[in-house]
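Q: Pasting in a structure now, in structure tokens, and then I'll have a few things to ask.
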Amino acid sequence: MMKIVADSAIPYLDEAFEGRAQVLRLPGAAISRADLMDADALLTRTRTKVDAALLEGTPIQFVGSATIGTDHIDTEWLRSRGIAFSNAPGCNSGAVMQYVFTTLYSLAVRKGIVLKGRTLGVVGVGHVGSKVADLALRLGFNVALCDPPRREAEGDSRFIPLEELLAVSDIVTLHVPLDKSTRAMADADFFSRMKDGAVFINSSRGDVVLTEALTNAYKRLGGVILDVFPGEPDRISPTLIQTADVVTPHIAGYSLEGKANATAAVVQALAEHFGIDELKDFHPATGLPSTIAFPLSRDEQLTACLLTSLFPFLSLDRSLRENPSAFEELRNNYPLRHEFTFKQKPIKLWN
């Protein structure tokens, strides 16, 4: 029987592989080379560094990451060794969109910020950024877009330079991968170019931001919302947690639908690789999501109440502030929420 080593945080695997494979579940950070010496496949998330040190000399034929990002995976090394790899792009894009607007409306009500007619700048217009832009238009925001790779590939003038976006945006939200072009992109120069009173949101990767630059800029910003932190999970600045207006432990994408989509993506890819026909269309059931009608009320306080009723994040914010060292525990024990769905068909202006 096939053996799979899997991060214990990936749900629905027992449902998928019962009677088909032996599955060893381990905490992602604890998976070691010794655990893989008799395994055929590795299914992981962000807490496992997958590289030569982990896999050299093992019989692993397939690696699946139930995540959007791949910065924890040495994909070049896998390719050089003929090890198949698959991840789950876009799996939790709806959940992150929900996070952005729930926390933003909550913050706006708390600080007396009127959102109507404001410009929301989206940096990184992939799966997540596109959905954020779509909903922003539905809610009456002006939208500015920055995505240098897409601008270069598509020649689309809708994607403006970062400096221009920062200058015109009242809210800046980051949805970029972590790579050499984005690491530490939000530095002192970045924040100096933002408008006074602008809101900064990061739910992408922590290390795209420089801690000192953000803490120094805080006084002239209108608010800071952080789901991810430089150096997480073990080297997070307690000062940054106490400074930001909204803090959560990297759970923006943690929804029942997002987790199910991620698991489905890696299980289907594994099934394709190993020829397991009955799993090639696998998708776990998650129950019924919340249905919400847009456009929402013109009353922004009512909008905030509606969104936070579907995603009550404030207790999590409080817990993280009270005990920053519990970041990973809070993340691992987060009770998954349902995403909302639209009664009306969402606006779709982006590819």
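Q: Compute the accessible area per residue over region 125-276, keeping the other protein chains in place, probe 1.4 Å, unit Å².
A: Details: 5760 Å² over 152 residues.
Spelled out: the 1.4 Å probe surface of region 125-276, per residue, equals 38 Å².
Q: Okay, moving on. Full extension from Ala53 to Ser32: what is 0.36 nm times the residue separation minus their Cα-Cα distance, to one decimal in nm?
A: Taking Ala53 through Ser32 to full extension adds about 6.6 nm, to one decimal.
Q: Now for a separate question. In whole percent, and with a 1.4 Å probe on the protein chains, what portion of the accessible area of the chain is carbon and sulfur?
A: Numbers: 7730 of 15250 Å².
Carbon-and-sulfur percentage of accessible area, whole number: 51.
Q: Using a 1.4 Å probe on the protein heavy atoms only, what accessible surface does Phe229 show? Give it in Å² to the nearest 10.
A: Per-residue accessible area (Phe229): approximately 0 Å².
Q: With all protein chains present and a 1.4 Å probe, how do Ser93, Ser8, Ser157 order by accessible area, largest first?
A: Working: Ser93 5, Ser8 65, Ser157 95 Å².
Solvent-accessible surface, decreasing: Ser157, Ser8, Ser93.
Q: Need the list of aspartates and glutamates near Lys3 for cross-linking: C-alpha distance under 15 angstrom, and skip anything on the same chain fewer than eight residues off.
A: Once the sequence-local aspartates and glutamates are set aside, what remains near Lys3 is Asp14, Glu18, Asp35, Asp38, Asp40.
Q: Evaluate the distance, in nm, between pseudo-label points positioned 7 Å from the Cα of His283 and of Leu162 along their respective Cα→Cβ axes.
A: 3.6
Q: Comparing Cys146, Cys305, Cys91, which has the greatest mean-square fluctuation in the GNM of the chain with Cα pairs linked when under 10 Å apart?
A: Checking each option, the largest mean-square fluctuation is seen for Cys305.
Q: Sticking with this structure for a sec: Starting from the Cα of Ser325, step 7 Å along the direction of its Cβ; do the same at Glu154; then give the gap between the two resulting points in nm.
A: Going from the Ser325 label point to the Glu154 one covers 4.7 nm.
Q: Apply the Debye scattering formula to region 125-185, with a single equal point scatterer on each alpha-carbon and no solvent, then give log10 I(q)/I(0) at q = 0.26 Å⁻¹.
A: -1.34
Q: Moving to a separate point now. Not counting ligands, DNA or RNA, and with a 1.4 Å probe, what is Glu300's accessible surface area in Å² rounded to the nearest 10?
A: 40
The values are calculated or read from the model by the stated rules, or taken from the named source; none is laboratory data. This one's a predicted model, so the numbers in the text were calculated from it and none came from an experiment. Counting neighbours? That spans all protein chains shown, and the Cβs are built from the backbone with ideal geometry, glycine included. What goes into the accessible areas is simple: the full protein's heavy atoms, side chains included, and nothing from ligands, DNA or RNA. Shrake-Rupley method; radii C 1.70, N 1.55, O 1.52, S 1.80 Å.
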